[in-house]
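Working notes, structure below.
The values are calculated or read from the model by the stated rules, or taken from the named source; none is laboratory data. Quick caveat: nothing in here was measured; it's all calculated off a predicted structure. Reconstructed Cβ throughout: ideal geometry from the backbone, glycine too, with neighbour counts over all protein chains shown.
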Amino acid sequence: MTEIPALDPENRDYISCPHCTIQIPGDVSNCPYCLQPVMAGTFVKPKDIRNLLVPPERFPRLRKFYRDHGMWVKIVVPALLAALVLWLAVVSLTRVRIIVPSDNTFLIEAEQERKDGGRVLLIGKLVNRGEDIPDLSLRSIGVIAEFLYGDGRTERKRFFPKNPFRGEGALFRGESGTFEIEVPKEVKAVTLRGEIVNLGEDRVFVPATRGIRRLPAQKNR
């Protein structure tokens with residue numbers, strides 16, 4: 001009867017034989033029990049990472065700090081996390097929502113900044129992707145801001161983008177202008193739209209054929 005070889009008492013890594021499922025040393029090429037070849041490196045015993053999760057003994061200061069102040073850490077850390085969650089909730093509720101409908105002619109981008117006193121300032125940019133709107137014309141490019149208040153009221157205001165090389169509201173195709181909008185505190189959402197404004201609306205022009213009416217000259221005394 002063939003004797004079953006005993007396992008070495010040394011600190012060797014052992015693996016399961018793929019043929020007879022018996023624990024064998026990991027550095028052998030043939031199983032000492034079933035004499036079948038074992039592919040070296042195929043079956044490797046997984047490393048135990050539990051020791052990596054435990055603070056090593058070479059950090060005595062950390063262990064002493066946790067032993068002396070562990071109770072306060074358990075109280076302060078949840079309180080700080082709760083305060084952080086509350087702050088994020090307040091910021092999300094007080095933040096003004098910016099709505100920019102899709103437009104093939106005017107591209108509007110805006111972001112908000114908070115100033116002193118809780119004021120909200122929208123800083124935006126408008127890009128003209130349509131026809132040229134030159135200076136000294138009866139047309140201008142405007143940004144319509146519609147404010148939605150918390151009680152459901154709406155208010156509309158008009159702003160004109162500024163370009164450093166042209167007048168206010170004048171942009172050629174491909175040019176951009178910047179604008180700033182101060183948002184009231186009660187506003188929850190702002191909708192921004194671009195449009196071409198007819199500057200000649202509600203204006204009365206005197207025809208040139210009528211001439212200019214002059215006041216009668218006063219008589220000299």
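Worth a mention:
- Taking segment 112-138 as the range and being part of a strand (DSSP E or B) and either at pLDDT below 90 or hydrophobic (A, V, I, L, M, F, W, C) (or both) as the test, the residues that pass are Gln112, Glu113, Arg114, Val120, Leu121, Leu122, Ile123, Leu126, Val127, Ile133.
- Output for segment 172-189, where each listed residue is touching a Pro at 6+ places or on another chain (Cβ under 8 Å) and either β-branched (Val, Ile, Thr) or not in a strand (DSSP E or B) (or both): Phe172, Thr178
- Failed criterion for Thr42 (all others in (1) exposed (fewer than 10 other Cβ atoms within 10 Å of the Cβ); (2) modelled with pLDDT of 80 or more hold): (2)
- Gly169 vs. criteria at positive phi, surrounded by 13 or more Cβ atoms within 10 Å (Cβ to Cβ), at pLDDT 90 or above and outside any strand (DSSP E or B): yes
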